[in-house]
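Okay, structure first, notes after.
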Amino acid sequence: MKSSPRQLSLIFADNEIIPKSKTAAEMDIEPLDATFRDSNRAPLHSWFPYLEGYSPRFVDRVRLEYLPNARRIIEPFAGSGTTPIALGQSGVDCAYSEANPAMAFVIETKLALLRATKQDRTRISEELLSLDRAIPALMSTTKPDKELAETYLAAFGSSRFFEDEALDQVRTLRTIADQILSTNTMLGNCLTLAILASLIKTSQLKRAGDLRFKTPKELLTKPPLPIEAVSARLQSQAKDLLNLPGLTGNAWHACNAAADLGDQIDDGWDGVITSPPYLNGTNYIRNARLELWFLRLVNKKGDLREIRDIVITSGINDVDAQTKWAPTTIGVERTVKELTEHAYDDRIAKMVGGYFHDMRKVMASLQNRVKVGGMICIDIGDSMYSGIHVATDDLLVETAEDLGLRTVDRVHLRKRNSNGGQLLRQQLLVFENLNRTRIVEA
């Protein structure tokens, strides 16, 4: 374990300590740019609700500030695809990884549409509207998918995520999607994406950090039926397709796990723009269990675990006997020790140790592929457990500098609050790659 890195000078602002650095306002970044709120209304980006995302405008501002001449940028945690899409529409090539196969499907569907000609997108828009008009009749003459009923029981047991009518409609929509996919892949994928984006909205569940069952009060507002929600999604897709700018840069899925990027792409990349999982205990794969089930990627108990094993350790349930959680820096060791002594669950300390073990491996992999002088830009927030502050941003700076990266900027993006009401922050960390030799991390 190496020594702690240099300390950045600090200033006080509204009783909060933040690094003395460039401000978000100086970069023309609004606090909401660093959230999914704007993307939730933006054409194409709004097709799948992704709470953990940021806006395409955020990607553009970061690129113009730190990578203005970049032609090739890496995105190791692509999420719903904001970074590769925004870069591709700006003429910048992007190699990305995404460990959640449901999100990888969402990204590839969007990119395939952007690669199509304007004429083809107009045709697909017309096909979507025709499909929307035809679905009520198709629903009345199509049998629900039998396999989904079987895998639902095998994977989820007695969990009642849908009312009976809603579940039958979801299974029928699966059959219709399969029929369309057999003759028209693009249209079938658009329908599948519309269904995926409607699953939680039409279920008994709610996204609030982690996915949870709605309360009795929340259930007083009856969710829409899947056929209604999917219809709205298809109409939105059809409208957006008429005015979307296509790709002028190449974007492709290089691999699933971020740590494997170094083995899948070449050298000399200009930089990185990304937002890794926050260390907030969220189980990102478990939160996608309905989408993964509908895509036939979760068919039995244990399938979620297999997918979860390739993601960054960031949730309590990610921790198991195979988790490598030995602290990697002095700061991580100090935090893990404090959590071991005071946290309500001993897995929290292991989760934190595992997170920085995994992130160190990813950062070393990126460092090996980014050219000397290239910039690695990371959006991240800190966390709080049992009253103990886990300064994820500070500890990532420590990890990066331990690898030989130079901290260029720490931009305060917005204030946040923990579940307990404690003040937290979201920052943009910017590192310059000074390394000239390949780093190997176990």
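Is there any pair with a first residue in region 176-198 that is farther than 17 Å from ARG121 by Cα and a second that is part of a helix (DSSP H, G or I) and acidic (Asp, Glu) whose Cβ atoms are under 7 Å apart and which are 6 or more apart or on different chains, and what are they?
From region 176-198, the pairs are LEU196/GLU291.
For region 401-428, which positions are surrounded by 23 or more Cβ atoms within 10 Å (Cβ to Cβ) and either free of Cβ contacts under 8 Å to residues at least 40 places away in the same chain or in contact with a helix residue (DSSP H, G or I) (Cβ under 6 Å, 6 or more places away or on another chain) (or both)?
LEU413, GLN427
Name the residue that is surrounded by the fewest Cβ atoms within 10 Å (Cβ to Cβ), counting only residues in region 372-398 that are touching a residue at least 60 places away in the same chain (Cβ under 8 Å) and β-branched (Val, Ile, Thr).
VAL372
Does SER97 qualify as being free of Cβ contacts under 8 Å to residues at least 60 places away in the same chain, of a type in the set (Ser, Thr, Tyr) and under 23 Å from ALA259 (Cβ atoms)?
On the way: free of Cβ contacts under 8 Å to residues at least 60 places away in the same chain: no; of a type in the set (Ser, Thr, Tyr): yes; under 23 Å from ALA259 (Cβ atoms): yes.
No.
What helices (runs of 4 or more DSSP H), lying completely within region 20-133, carry at least 2 residues that are aliphatic (A, V, I, L, M) and under 30 Å from LEU173 (Cβ atoms)? Lay out the reasoning, then the answer.
Working: elements: 56-66, 82-89, 101-115.
Because the criterion is at least 2 residues that are aliphatic (A, V, I, L, M) and under 30 Å from LEU173 (Cβ atoms), the helices (runs of 4 or more DSSP H) in region 20-133 that meet it are 101-115.
Restrict the check to region 318-326 and report whether at least one residue is at pLDDT 95 or above and either touching a Cys at 6+ places or on another chain (Cβ under 8 Å) or crowded, with 23+ Cβ neighbours inside 10 Å (or both).
So far as region 318-326 goes, no, none of its residues is at pLDDT 95 or above and either touching a Cys at 6+ places or on another chain (Cβ under 8 Å) or crowded, with 23+ Cβ neighbours inside 10 Å (or both).
Working only within region 387-442, note down all residues that are hydroxyl-bearing (Ser, Thr, Tyr), outside any strand (DSSP E or B) and either under 22 Å from MET27 (Cα atoms) or modelled with pLDDT of 95 or more (or both). Reasoning before the result, please.
First, pick out the residues of region 387-442 that are hydroxyl-bearing (Ser, Thr, Tyr): 392, 399, 407, 418, 437.
Still in the running and outside any strand (DSSP E or B): 392, 399, 418, 437.
The answer is THR392, THR399.
For region 248-344, which fully contained helices (runs of 4 or more DSSP H) count at least 1 residues that are within 28 Å of ARG61 (Cα to Cα) and touching a residue at least 40 places away in the same chain (Cβ under 8 Å)? Step through it out loud before you land on a result.
Numbers: elements: 261-264, 289-294, 303-308, 330-342.
Where helices (runs of 4 or more DSSP H) fall fully within region 248-344 and carry at least 1 residues being within 28 Å of ARG61 (Cα to Cα) and touching a residue at least 40 places away in the same chain (Cβ under 8 Å), they are 261-264.
Given the structure, is GLY353 at pLDDT 95 or above, assigned to a helix (DSSP H, G or I) and among the small types (Gly, Ala, Ser)?
So GLY353 passes the test.
In region 363-374, how many are touching a strand residue (DSSP E or B) at 6+ places or on another chain (Cβ under 9 Å) and in a helix (DSSP H, G or I)?
Number satisfying all stated conditions: 4.
Does LYS361 meet the test of being of a type in the set (Lys, Arg) and in contact (Cβ under 8 Å) with a residue 40 or more places away in the chain? Before the answer, list the steps.
Values: of a type in the set (Lys, Arg): yes; in contact (Cβ under 8 Å) with a residue 40 or more places away in the chain: yes.
When the stated conditions are applied, LYS361 passes them.
Taking the stated definitions as given, is LYS201 at pLDDT 95 or above, among the basic types (Lys, Arg) and under 30 Å from TYR284 (Cβ atoms)?
Details: at pLDDT 95 or above: yes; among the basic types (Lys, Arg): yes; under 30 Å from TYR284 (Cβ atoms): yes.
Yes.
When both residues are 6+ apart or on different chains and their Cβ atoms are under 8 Å apart, which pairs have a first residue that lies in region 61-79 and is without any contact (Cβ under 8 Å) to a residue 60 or more places away in the chain and closer than 15 Å to GLY262 by Cβ, and a second that is of a type in the set (A, V, I, L, M) and surrounded by fewer than 24 Cβ atoms within 10 Å (Cβ to Cβ)?
none
Would you be able to say whether some residue in region 338-350 is surrounded by 23 or more Cβ atoms within 10 Å (Cβ to Cβ), farther than 18 Å from TYR278 by Cβ and over 21 Å from the mean Cα position of the chain (by Cα)?
No; the residues of region 338-350 include none that is surrounded by 23 or more Cβ atoms within 10 Å (Cβ to Cβ), farther than 18 Å from TYR278 by Cβ and over 21 Å from the mean Cα position of the chain (by Cα).
Go through (1) at pLDDT 95 or above; (2) under 19 Å from ASN368 (Cα atoms) one by one and return the number of the condition THR248 breaks.
So THR248 meets the others, but not (2).
Go through GLY271, GLY249 for me and flag whichever is of a type outside the set (A, V, I, L, M, F, W, C), more than 17 Å from PHE77 (Cβ to Cβ) and in contact with a strand residue (DSSP E or B) (Cβ under 8 Å, 6 or more places away or on another chain).
Working: GLY271 fails: more than 17 Å from PHE77 (Cβ to Cβ).
The unique qualifying residue is GLY249.
Has region 172-185 got at least one residue that is at pLDDT below 95 and either of a type outside the set (Ser, Thr, Tyr) or touching a Ser or Thr at 6+ places or on another chain (Cβ under 9 Å) (or both)? Show your work before the answer.
In the first step, residues of region 172-185 are kept if they are at pLDDT below 95; the result is none.
There is no residue in region 172-185 that is at pLDDT below 95 and either of a type outside the set (Ser, Thr, Tyr) or touching a Ser or Thr at 6+ places or on another chain (Cβ under 9 Å) (or both).
The values are calculated or read from the model by the stated rules, or taken from the named source; none is laboratory data. Bear in mind the structure is a predicted one, so any value in this text is a computation, not a measurement. Counting neighbours? That spans all protein chains shown, and the Cβs are built from the backbone with ideal geometry, glycine included.
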